[in-house]
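Peer 1: Below you will find the structure I want to go over with you.
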Amino acid sequence: METITKGKFARLSLLQDPAYGIPSDVTFQIIRVTIEGTAEIQEVLGDVTGHKVVFAAASSVFRDEFFGGLKETTDVIPVKETTYEAFEKMMFFIYSKDIDWSGVTVPEMYDVVNLAEKYIMPELMDEMTKQMENVPLKNNEDLLNIAHTATQFNHLFPDVSSALLLSCAKFLQKTIPPSAQLQFAIDQSSTGKEATVLQLLSLAKDLPAVECYNCGNVECMDGQGVVGIDKFTVGMKLRVNKSCGMWDVNGGRHATVKSVDKDNNTVDARGGPYYIVYQNIPAFCYCCS
C-alpha cells in the first residue's frame with residue numbers, strides 16, 4: 001500500500017534549502033482563531049516560507065494573489081482556518097517533496113483536501129483521492145470510524161469522500177461475510193452510525209463478487225469440508241469437522257493452518273500434523289465467519 005507521495009521534480013525542492021542560494025520572498029503565517037467571550041484570540045501556529053512564482057505556478061488563486069490586479073503588497077500572508085501541518089504538506093506537494101502519509105489521520109487528510117479546494121489545485125485533489133483510497137483499515141472499529149468521518153465530509157468533498165467510502169465498502173465485503181452483515185448492522189444500533197452502516201452495506205451489495213479472504217472462493221464455503229490438500233494454505237482458519245470420527249469430543253473446535261505437507265497429505269493445525277481425511281470424511285471445515 002503506497003503511503004508516500006513521491007516528488008516528481010526533485011530539483012524543485014532544492015529551492016527550500018537556504019544553502020541553494022535562492023531566498024524565499026513570501027511567508028505564510030498560519031493562524032488559529034478562537035473566540036473567548038466577545039474577544040477574538042489569534043495564535044500563530046507557525047510560518048511557512050516560499051517563492052511567490054512557485055506558488056503561483058501551482059495555483060491560480062496564488063497567481064492572482066501575487067501577480068493579479070489586486071495583488072498583495074505585503075510579503076507576510078496570514079492564513080486562517082487550517083493547520084500548520086496541512087499547509088506544510090501542501091507546500092511539500094508544490095515543491096515536489098516526498099510526503100509520508102503514514103500516521104496521518106483521516107481528519108488531518110481532510111485538512112489538506114480543504115486546502116486543495118480552496119487554492120484550486122486539482123493535482124493535489126487527485127493525490128488526496130488516491131491516498132484516501134489507500135487508507136489502511138485494520139478492523140471493524142477502524143472501518144466504522146473512518147466511514148463515518150467520510151459521510152460527515154461528503155457534502156463538502158463528495159469525490160474524495162466517495163472514494164473513501166468505496167474503500168471502506170470493499171473492506172467490509174472482504175472481511176464480513178454476507179451471513180454476518182445483518183448482525184454487524186444490528187450491533188451498531190444506538191451508536192449514531194446506523195446511517196453509515198446502511199450506506200456501506202448498500203455499496204458493498206453493488207460491488208463485483210470477490211473471493212472470500214479465507215476459503216478463496218467467490219461463493220464462501222464457510223462450514224463446508226475442506227477437500228484436497230491443495231485447498232489448504234498457511235493462515236487459513238478452520239474448524240475440526242464434527243462429522244469426522246478422528247476428533248471424538250474435539251469436533252467443532254477452531255484451528256489455524258501453520259504448515260502444509262503435500263507429500264504426506266497432512267496439515268499442521270491444533271499443535272500437530274493431522275491427516276486431512278479420515279474414513280473418507282474431511283477432517284476440517286472452513287471457518288470464514
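The values are calculated or read from the model by the stated rules, or taken from the named source; none is laboratory data. Computed from a predicted structure; not experimentally measured. Note that we place each Cβ from the backbone using ideal geometry, even for glycine, and neighbour counts take in every protein chain shown. SASA here: full protein model, heavy atoms, side chains in, ligands and nucleic acids out. Shrake-Rupley method; radii C 1.70, N 1.55, O 1.52, S 1.80 Å.
Peer 1: Can you pull out the residues in region 73-91 that are surrounded by 15 or more Cβ atoms within 10 Å (Cβ to Cβ) and more than 28 Å from the chain's Cα centre (by Cα)?
Peer 2: Result: I77, V79.
Peer 1: Sticking with this structure for a sec: Hey, can you tell me all the residues within region 1-32 that are over 23 Å from G50 (Cα atoms) and among the hydrophobic types (A, V, I, L, M, F, W, C)?
Peer 2: Applying the first criterion (over 23 Å from G50 (Cα atoms)) to region 1-32 yields 1-3.
Within region 1-32, M1 is the sole residue that qualifies.
Peer 1: Search region 258-276 for residues that are free of Cβ contacts under 8 Å to residues at least 12 places away in the same chain and pair each with any residue that is of a type in the set (K, R) when their beta-carbon atoms are under 6 Å apart and the residues are at least 6 apart or on different chains.
Peer 2: Cβ pairs passing all conditions: D268/K258.
Peer 1: Mind telling me which of the residues S243, S289 ends up being touching a residue at least 12 places away in the same chain (Cβ under 8 Å), open to solvent by 40 Å² or more (accessible area, probe 1.4 Å), assigned to a loop (DSSP other than H, G, I, E, B) and over 28 Å from L143 (Cβ atoms)?
Peer 2: When all the criteria are applied, what remains is S243.
Peer 1: Go through region 190-218 and report how many residues are assigned to a loop (DSSP other than H, G, I, E, B) and either of a type in the set (A, V, I, L, M, F, W, C) or loosely packed, with under 11 Cβ neighbours inside 10 Å (or both). Step through it out loud before you land on a result.
Peer 2: Of all residues in region 190-218, those assigned to a loop (DSSP other than H, G, I, E, B) come to 190-193, 206-218.
The next check asks that each one be either of a type in the set (A, V, I, L, M, F, W, C) or loosely packed, with under 11 Cβ neighbours inside 10 Å (or both); those that pass are 190, 192, 206-210, 212, 215, 218.
Selection size over region 190-218: 10.
Peer 1: Considering only residues that are under 16 Å from F9 (Cα atoms) and without any contact (Cβ under 8 Å) to a residue 40 or more places away in the chain, look in region 54-67 and name the one that is surrounded by the most Cβ atoms within 10 Å (Cβ to Cβ).
Peer 2: Keep residues of region 54-67 that are under 16 Å from F9 (Cα atoms), which gives 54-55, 57-58.
Those left that are additionally without any contact (Cβ under 8 Å) to a residue 40 or more places away in the chain: 55, 57.
Values: F55: 22, A57: 13.
Taking the candidates together, the pick is F55.
Peer 1: May I pose another question? Please name all residue pairs, on different chains or six or more residues apart, with Cβ atoms under 7 Å, provided the first residue is in region 142-158 and is under 14 Å from V113 (Cα atoms) and the second residue is in a loop (DSSP other than H, G, I, E, B).
Peer 2: As it stands, the answer is none, since no pair meets every condition given.
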